[in-house]
Amino acid sequence: FFSMLHAKAIFAVFVSIISARSRIEACWVPCTPPPQFPLCHDCTREDLKTAIKPCYPLLFSKPVRHDDTPVIMYTMPTDNRFGVGNYLGQYFHVRGIAKLAKTVFLTNRRFNVSGITLPSSFEGEWGNYTQVPLLEHGCATCPPSRVRQFPHTCAGPWLYSDAVDLLRAAVSKIHIQTDYHPIIIQFRCSDTYYRYKYGMPEWDFYYQALTDAMSRSRTNRVTILRDPGVPRDRYCWTLLLLLRTCIEVTFNSTVLVLGPRSLAHDFVLMSAADAFISSVSSLGMFAGIAGYGTAHFPVNHQAAGSTSPCFPGSNVRWYKVRVTKGESIAVSDPELRADKALSGIPKDFVGQPNLLRKMADSLERNPGPWTKLEPGIDVRAALRNLFRSRGYRHNF
């Protein structure tokens, strides 16, 4: 009896040490300014042609000529499956190329995506070749083979565009009335947690971001803005209730969960917060830099290829945290996929039995999509079995 008791005590100490170590490792990291090069005062038109060549071919852009002046054109995809964050990443990538080339920028049609409007052109400074070395570096860093259709995943020319100013101007033109929410968490899960180079951040990310946000905003009111598919996915529904539980217990907070409205409304809502905490999401990244408050981002592939860039004029805080690997659970059956993700919650998000117990209490009151499996299902027992399949032995 005593040896078993001692073993349990030693195990508890070991778990607490590992948890503390994880928290230390999941830390804030300073942003990294994009590289700068001395202005080139003897570069020529031929140097520009050489520098711009590695930028192409791109599926969403092409250089054209008008009155012997090069024009960099953004050709907007017509694929309706494209997300707004993808459109924004492409637009600013092409605009960044034109900015560094000092030439004309055009879009093939008016840029208005879900109510977010951006300028269709600028004139440039044709004959000014001073930024040719920077253009050459940007295109070499993010060649078409790496960019493909998602340039926001690479720290390339889009970082030299005027994204912050243009996004703030776009938000100011969206005349939608929104309520004030001082701290907003974007909870994007149902369309990303199983996708390549996506995933969900661990609790430490939210813990550290909320600690900073509450100290700045002097409030413990938190709003979670969930994606539309959460109520239909067992993993996302469970993780949402667990996140809410963790915030309520850890910070003695009042937590409001909002469903999505129009994309323009949600973009304004996220950018208007005093503190915005993003998911692994290009849309979240762009909404964050559009705001005047503090934006908290997990370092991840979707945000400039995990490089934690600075955005001049925007207050950005990056956190080096563990993010689940979406591709590791990318099975086609949605229920098997959910089970695979659920089994990892104690390891990938948080494993304290008291928090899992309170989450299970919430699930029993509101099981949501769990009822699809079996009416009257014992959610707590189902979760215990899933957790035990990955070695978690605590009762909750």
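The values are calculated or read from the model by the stated rules, or taken from the named source; none is laboratory data. Every value quoted in this text rests on a predicted model; they were computed, and no experiment measured them. Every residue, glycine as well, gets a Cβ built from its backbone with ideal geometry; the counts of neighbours run over all protein chains shown. Note: accessible area is taken over every heavy atom of the protein model, side chains too, but ligands, DNA and RNA are not part of it. Shrake-Rupley method; radii C 1.70, N 1.55, O 1.52, S 1.80 Å.
Our summary gives the chain a relative contact order of 18 percent, counting only alpha carbon pairs under 8 angstrom and 6 or more residues apart.
Beta-bridge orientation, the chain: approximately 40 percent antiparallel, per DSSP, counting only bridges with both partners inside. Computed with every protein chain present, the accessible area of S362 is close to 10 Å² [probe 1.4 Å]. Proximity of backbone amide H atoms, modeled 1.01 Å from N, is registered between S279 and Q186, R188 at under 5 Å, excluding neighbours fewer than 5 places apart on the same chain.
Converting phi to 3J(HN,Hα) with the Karplus coefficients 6.51, -1.76 and 1.60 and the offset θ = phi - 60°, segment 119-130 yields x, 8, 6, 8, 7, x, 9, 4, x, 9, 10, 5 Hz in sequence order, with x at every glycine or proline. For segment 48-157, GluC sites (Glu not before Pro) meeting the loop criterion (DSSP other than H, G, I, E, B) and having at most 15 other Cβ atoms within 10 Å: E123, E125. Partnerless cysteines in the chain, where a partner means another cysteine C-beta under 4.7 angstrom, comprise C27, C246. Each Lys or Arg adds one and each Asp or Glu takes one away; over the other residues whose Cβ falls under 9 Å from the Cβ of L373, this sums to 0. Per residue, the chain exposes 46 Å² of accessible surface when a 1.4 Å probe is rolled over the protein heavy atoms with every protein chain present. Between D191 and I176, 0.36 nm times their residue separation minus their Cα-Cα distance comes to what? Net length gain for the segment: 2.8 nm. Annotation: amide H-H contacts under 5 Å for T294 (H modelled 1.01 Å from N, sequence separation of 5 or more, or interchain): A275, F276. Surface composition of segment 347-390: carbon and sulfur atoms hold 46% of the protein heavy-atom accessible area at a 1.4 Å probe.
In order along segment 274-288, the Karplus-derived 3J(HN,Hα) couplings, from 6.51 cos²θ - 1.76 cosθ + 1.60 at θ = phi - 60°, round to 5, 9, 10, 10, 8, 7, 6, 6, 5, 4, x, 4, 5, 5, x Hz, and Gly and Pro are given as x. Which residue fluctuates most in the GNM of the chain (Cα springs below 10 Å): L269, L355, L336? Fluctuation is largest for L336.
Protection proxy ranking of 86-93, 243-250, by the mean of other Cβ atoms within 10 Å over each peptide's residues and highest first, is 86-93, 243-250.
Helices in the chain, meaning DSSP H runs of at least 4 residues, each add -39500 (n - 2.57). Divided by all residues, the mean residue ellipticity at 222 nm is -12500 deg cm²/dmol. Sorted on the mean count of surrounding Cβ atoms within 10 Å across their residues, most packed first, peptides 339-347, 382-390, 160-168 read 339-347, 160-168, 382-390. Compute a Gaussian network model of the chain, connecting alpha carbons closer than 10 Å, and tell me which residue from D266, D227, D79 fluctuates the most. In this elastic network of the chain, the residue with the biggest mean-square fluctuation among D266, D227, D79 is D79. For the chain, a simple Cβ point-charge model (Lys and Arg +1, Asp and Glu -1, everything else neutral) yields a dipole of about 940 debye relative to the Cα centre.
In the chain, the longest principal axis of the Cα atoms and the axis of helix 132-141 are about 40 degrees apart.
When the accessible area of segment 224-292 is computed with all protein chains present and a 1.4 Å probe, what percentage of it is carbon and sulfur? Reported share for carbon and sulfur atoms: 51 percent.
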